[in-house]
């Protein structure tokens, strides 16, 4: 029988916050079986669970007498309907001289902001925003790289009850207007430029177009990121960050304690198949969900150093920021993950004593392809947990981490999304890690797998669903007052059940495997195939750097088409194509073998690094692709248009 890749020591289990939480509710949690029992309790008694979590995490605010109203309504249930809290107050609970933010850029600059210093910066910006007329419900937008000012912006807006929304500055003009144009921000915080892969990019030119396209804007605040004194001519209502804050001294922040369901942030769907959806999340839902995931599922502790490679466009940025509520230090990195050296993120982990190293499956795959072996070249002594998300982590990715990165580490493959601002499934620090498996559903999340008729599946792949309410359900979509688009997006497939859009299956250990997006599932001859299965096999081939697989409509059916990006100097010759087909047939089934394999120079991806199967599928099948601005490399889509290999 196969052995787990990693099993926590008894000492580690006993020291975990998950174990302490279980004891606090009169239970134990020292094994997979104990965790499964605790998870079931969290579903059967949701009011008891979420109330206990509020107390265990020492949430600042008034909880009120009731924890859950209309528990049977999905959507429609209300958590903590009498509560009053401030998201910013909970993240700024610590005010000492220990580092709150350690920010590094790829050109070697390093900035440190203490907890006390962060509080003071938020105080000054909050005063400036209030003077600019910002109040509860107003929108403050950030067009910023992964720098401290973005975090200060979120916290200052939240302290006033305003709603924050952010994008990374590498979005084009239309991509920004497609997002911020829908929410009409009153104030825009924007970088003068950004660094990436050794190149300095100017943002002021397009910032003038963006500001002009946001008619409700009353103030544009320019954050110097690449210039000491950026020129502001031609920018309406413009002021630099230092000039904005100069008149204000730090003072006590009069945090606006608002209802649990008060809007906190607006996030955006990828927008690769239509206008991006503006997803509104609540302050209480985000806070409680992130406290649960950080403390119980990732075992984040006071003074830990939490790192996630992310941009301000990805929900993992919001997830990272909430680490302040656990009184952990956040380690920020802005730039390319492979510049100036391929080992730059592992160098950062050593230099800053990172305890939670968060990244994507794509990064781990690229590191493996690049031959990086941090277990030989780095200490990584402080790293207790490595989290991976963004796309499914293949079994070989688990092998890479435990064999070539660090053997004694909790590898938590996690999955959720922008839609819920958190995770449905993730790490369980008291339980073993099995190769290729997400350890289990998160506490309080009634995760299941359904067949097409809405029946639970214990074996085989199906739709990932959630059958009961949870606090970080979106409040809805912006400009969707009746909730028509919101319900259509998640609840039409199975009424009263959240359908997440992932294709998944349970494992024998009570874990899950995500097989890809269900709307990208291949369907040749009526047999449904998850794309992640094929990626896992294809990318074991050393010549293949990256791949993408879609279904092409062909003669009344669908045929599988595989695109590959190869190492420099390699060509898709007959031998390599034969090897790929043989690998797929041997590892999977004959039905998985693509009818066409095509070499391409690049593969399109979103700003957060996810490949865009649906947009490529539209190009290949002759359908228009809207929202090209949502892509990091939109020009790559042109490589897939009218390919001669796909005409026969």
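Summary of computed values
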{"quantity": "Bridge type composition, the range 521-646 - antiparallel percent by DSSP, nearest 5", "calculated": "75"}
{"quantity": "Inter-label distance, nm, simple model (7 Å from Cα along the C-beta direction), residue 523/residue 543", "calculated": "3.4"}
{"quantity": "Equivalent ellipsoid, the range 114-256 (semi-axes from 5 times Cα gyration tensor eigenvalues, Å)", "calculated": "23, 17, 13"}
{"quantity": "Alpha-carbon Rg with Dmax, taken over the range 1-107, Å", "calculated": "18.5, 53"}
{"quantity": "Distance between modelled label sites at residue 11 and residue 97, nm, 7 Å Cα→Cβ extension", "calculated": "3.2"}
{"quantity": "Alpha-carbon centroids, the range 128-197 and the range 597-638: separation in whole Å", "calculated": "27"}
{"quantity": "For the range 521-646: span of alpha carbons on each principal axis (Å, largest first)", "calculated": "39, 37, 28"}
{"quantity": "Estimated 222 nm signal from helices in the chain, with DSSP H stretches of n ≥ 4 weighted -39500 (n - 2.57), rounded to 500", "calculated": "-7500 deg cm²/dmol"}
{"quantity": "Full-extension gain in nm, residue 623 to residue 595, via 0.36 nm per residue minus C-alpha separation", "calculated": "8.0 nm"}
{"quantity": "Separation of alpha-carbon centers, the range 425-490 and the range 11-43, rounded to whole Å", "calculated": "21"}
{"quantity": "Percent of beta bridges antiparallel (DSSP, the chain, rounded to nearest 5)", "calculated": "55"}
{"quantity": "Cα shape, the range 437-531, gyration tensor, a/c 1.5 rule", "calculated": "oblate"}
{"quantity": "Inter-label distance, nm, simple model (7 Å from Cα along the C-beta direction), residue 507/residue 602", "calculated": "3.6"}
{"quantity": "Ranked by how many other beta carbons lie within 10 Å on average, peptides 604-615, 563-574, 430-441, 200-211 from highest", "calculated": "430-441, 604-615, 200-211, 563-574"}
{"quantity": "Estimated FRET transfer efficiency when R0 is 35 angstrom, pair residue 557-residue 197 (beta carbons, to 0.05)", "calculated": "0.25"}
{"quantity": "Residue-span extension gain [residue 62 to residue 228] - 0.36 nm each, minus C-alpha spacing", "calculated": "55.4 nm"}
{"quantity": "Cα centroid of the range 55-127 to Cα centroid of the range 406-423, whole Å", "calculated": "21"}
{"quantity": "Pairwise Cα inverse-distance average, inverted: Kirkwood Rh of the range 196-284 (Å)", "calculated": "16.7"}
{"quantity": "Overall dimensions of the range 234-276 by Cα: Rg and Dmax, Å", "calculated": "17.8, 46"}
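Values in this text are rule-based calculations from the coordinates and carry no lab data. This one's a predicted model, so the numbers in the text were calculated from it and none came from an experiment. Backbone-built Cβ (ideal geometry, glycine too); neighbour counts: all protein chains shown.
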